[in-house]
Structures are given as C-alpha cells and as structure tokens.
Amino acid sequence: MNDTNTRGVLFVCLGNICRSPLAEGIFIHLARERGVLEKYRVDSAGTGHWHAGSRADPRATEVAARYGIELPSIARQIDPSTDFDSFDHILAMDADNMSNLLHLGAPEDRVRLYRSFDPALASEPDHRLEVPDPYYGPGDGFQRVYDMLTASTIGFLDHLANERG
Ligand code: 4NP
C-alpha cells in the first residue's frame with residue numbers, strides 16, 4: 001500500500017508493450033478529464049521480461065494518438081518483491097496474466113481481470129472478460145483492444161469513485 005493518500009493502480013499484460021501501456025494511457029487520460037488523476041499512482045508491467053526498456057508498440061501508440069492519448073510507458077517486468085505490496089489494484093488483461101500473477105504471490109483480493117469493470121459485461125463468466133493479445137493479430141486488433149479498454153476504464157473509474165465514497 002502507499003504511504004500517501006494516493007491509490008496504486010498497476011496494469012499487467014504479457015509483454016508490457018501493447019495492452020497494459022494502452023490501458024495505462026487511457027486511465028491517465030480519463031482520470032485527468034475527471035480531475036482525479038492526482039489521487040492515483042499509475043504504472044504498468046509485463047509478466048514477461050523480453051521487452052523491458054521498450055516504448056509501447058507503434059500500433060498501440062498510433063491508436064492512442066487518434067484519441068489524443070500519449071503512452072508514457074517504458075516496459076518492465078513485474079517485480080513481486082515490491083509491486084504486490086505497493087499497488088492497491090492489479091489489473092490483469094487476460095486469464096494467463098491473472099494466473100501468473102497469483103502464482104507469483106499477488107494477493108487475490110487485489111487482482112482482477114480489467115474487463116470485469118465494464119458494466120456491460122457484469123454477468124459474463126471470466127473467459128468472456130479477456131482483452132485478447134493483439135501482438136500477432138490482424139490490423140484492427142488494436143482498435144478493438146482500445147474500445148475494450150476504454151469501456152473498462154470508465155467502469156473502473158466509477159468503481160474507484162464509489163470506493164472512495
Ligand atoms: P502485450 O502483447 O502482452 O499486450 O504487451 C504482447 C507483446 C509481445 C509479445 C506477446 C504479447 N511477445 O511475445 O513478444
């Protein structure tokens with residue numbers, strides 16, 4: 001947990017160059033629009049290490065730029081020795097990310113599939129709540145991921161607002 005009043009929000013995918021940097025950028029953008037960004041410490045990480053030190057994939061940067069969103073992320077691998085204590089919300093993009101996080105020791109009550117915050121998907125089972133990996137996919141995969149992440153972020157920000165009372 002954090003020493004200050006800020007809440008820690010960590011987005012997690014496999015490579016930390018496509019989905020989680022996009023989720024991070026969208027969250028920062030929409031939280032800023034709502035005037036609540038300063039309440040949060042936002043970061044993203046990958047369960048894998050291969051892309052550590054890299055900026056977001058250009059296809060993610062491009063779809064974000066269409067909406068006036070910048071992606072500040074520099075990829076890094078999750079660090080179980082510090083991340084699980086210091087982030088209040090650990091948001092997994094898919095079921096593999098989630099199970100990897102739990103195996104690494106992430107506290108169950110702080111890890112969730114990010115799409116579970118999309119109110120339109122409230123009664124869907126977990127396997128319908130994945131953000132598909134767009135890395136090897138066809139061209140419009142990043143737009144679909146963007147749309148999913150935007151709906152999830154709106155729901156998540158509403159959830160956070162209720163959580164804070
Ligand atoms: P991400 O996408 O997990 O959304 O960042 C991927 C990026 C790279 C690889 C896999 C997924 N990769 O195998 O290198």
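The values are calculated or read from the model by the stated rules, or taken from the named source; none is laboratory data. On a predicted model such as this, the values are computed, not experimentally measured, just so you know. Heads up, the Cβs are rebuilt from the backbone with ideal geometry, glycines too, and the neighbour counts pull from every protein chain shown.
Against the definition (charged (D, E, K, R), within 16 Å of the ligand (Cβ to nearest atom), surrounded by fewer than 20 Cβ atoms within 10 Å (Cβ to Cβ) and under 24 Å from Y136 (Cβ atoms)), how does E24 come out, yes or no? For E24, the condition - charged (D, E, K, R), within 16 Å of the ligand (Cβ to nearest atom), surrounded by fewer than 20 Cβ atoms within 10 Å (Cβ to Cβ) and under 24 Å from Y136 (Cβ atoms) - is not met. Among residues of the range 146-165 that are without any contact (Cβ under 8 Å) to a residue 60 or more places away in the chain, those with a Cβ under 6 angstrom from a residue that is outside any helix (DSSP H, G or I), sequence gap 6+ or separate chain, pair up as M148/V131; A151/D118; G155/D118. The number of residues in the range 134-150 being over 13 Å from the mean Cα position of the chain (by Cα) and surrounded by 13 or more Cβ atoms within 10 Å (Cβ to Cβ) comes to 7. Only one entry of I69, I90 meets the criterion of being surrounded by 16 or more Cβ atoms within 10 Å (Cβ to Cβ), of a type in the set (V, I, T) and closer than 18 Å to N5 by Cα, and that entry is I90. Contact map, the range 17-39: residues that are among the polar types (S, T, N, Q) paired with residues that are within 16 Å of the ligand (Cβ to nearest atom) and part of a loop (DSSP other than H, G, I, E, B), Cβ distance under 8 Å, separation 6+ or inter-chain. Pairs shown: S20/S73; S20/M93. One residue alone among A106, A151, A161, A120 is part of a loop (DSSP other than H, G, I, E, B) and either of a type in the set (D, E) or modelled with pLDDT of 95 or more (or both), and that residue is A106.
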